[in-house]
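The structure appears right after this line, and notes come after that.
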Amino acid sequence: MWSQVHNAHDVKSEPAGFPEGKGNPSVQVLNADSAIGPGMLRIMMLPGDMIPRHYHAAQTETLYILEGELIDEGTPYAAGTELNVKPNIHHGPHTTKTGVTFLAMYTGKVDLTDFKLSKGAE
């Protein structure tokens with residue numbers, strides 16, 4: 001028996017609210033309970049949206065692109081691509097020309113608020 005089941009169609013989508021971001025990326029929280037698994041977000045970006053350069057102090061981030069194309073640090077990544085970044089490694093900005101939907105999974109000391117701007121920290 002599964003400990004938790006979420007269908008993305010049943011999970012409320014909310015504005016992501018990334019500080020210093022552009023556009024209106026949205027997020028669905030699929031799991032925030034590290035006792036049952038990694039933190040998991042479904043993030044949707046429209047053409048022109050931007051998530052600024054940032055890092056996570058205490059968790060590893062894995063992205064899996066479901067549809068569209070994510071541009072990270074100027075490099076485009078198509079659907080089917082998986083990306084990983086360790087804690088304290090600066091990455092981004094994330095942008096898209098086509099729109100993109102991806103899963104963001106967090107392991108380690110999971111804290112879905114662990115988003116720190118790189119500006120002034122590099």
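Using the Karplus curve 6.51 cos²θ - 1.76 cosθ + 1.60 with θ = phi - 60°, work out ³J(HN,Hα) for each residue of the range 98-110 in order, rounded to whole Hz, and write x for Gly and Pro.
Per-residue couplings from phi come out as 9, x, 8, 10, 9, 8, 10, 10, 10, 10, x, 7, 6 Hz.
Assuming a ≥ b ≥ c are the square roots of the Cα gyration tensor eigenvalues, decide whether the chain counts as rounded (a/c under 1.5), prolate (otherwise, with a/b larger than b/c) or oblate.
It comes out oblate by the Cα gyration axes.
Pick out, from 54, 102, 1, the residue whose Cα sits farthest towards the positive end of the charge dipole of the chain, with +1 on the Cβ of Lys and Arg and -1 on the Cβ of Asp and Glu.
Of the candidates, 54 comes out farthest on the positive side.
³J(HN,Hα) across the range 2-13 via Karplus (A = 6.51, B = -1.76, C = 1.60, θ = phi - 60°), whole Hz, x for Gly/Pro?
Calculated HN-Hα couplings, in order: 6, 6, 7, 9, 10, 9, 3, 5, 9, 9, 4, 8 Hz.
Return the lysines within reach of residue 119: Cα separation strictly under 25 angstrom, same-chain partners fewer than 8 residues apart disregarded; answer none if there are no such residues.
Straight-distance partners of residue 119: 22, 86, 97, 109.
So if I place +1 on the C-beta of Lys and Arg and -1 on the C-beta of Asp and Glu, and nothing else carries charge, what would the dipole magnitude of the chain be about its Cα centre? I want it in debye, nearest 20.
Using only the charged Cβ atoms, the result is roughly 160 debye.
Sticking with the crude label model, points 7 Å out along Cα→Cβ, report the distance from residue 98 to residue 121 in nm, one decimal please.
3.0 nm
By how many nm would the segment from residue 73 to residue 57 lengthen if fully extended, with 0.36 nm per residue of separation less the alpha-carbon distance?
Full-extension gain reported as 3.8 nm.
Please give the contour-minus-distance gain from residue 7 to residue 88: 0.36 nm per residue of separation, less the Cα-Cα distance, rounded to one decimal in nm.
26.0 nm
Just so you know, all these numbers are worked out from the coordinates, no wet-lab data involved. Everything numeric in this text was worked out from a predicted model, so none of it was measured. No Cβ is skipped: glycine too gets one built from the backbone with ideal geometry, and neighbour counts run over all protein chains shown.
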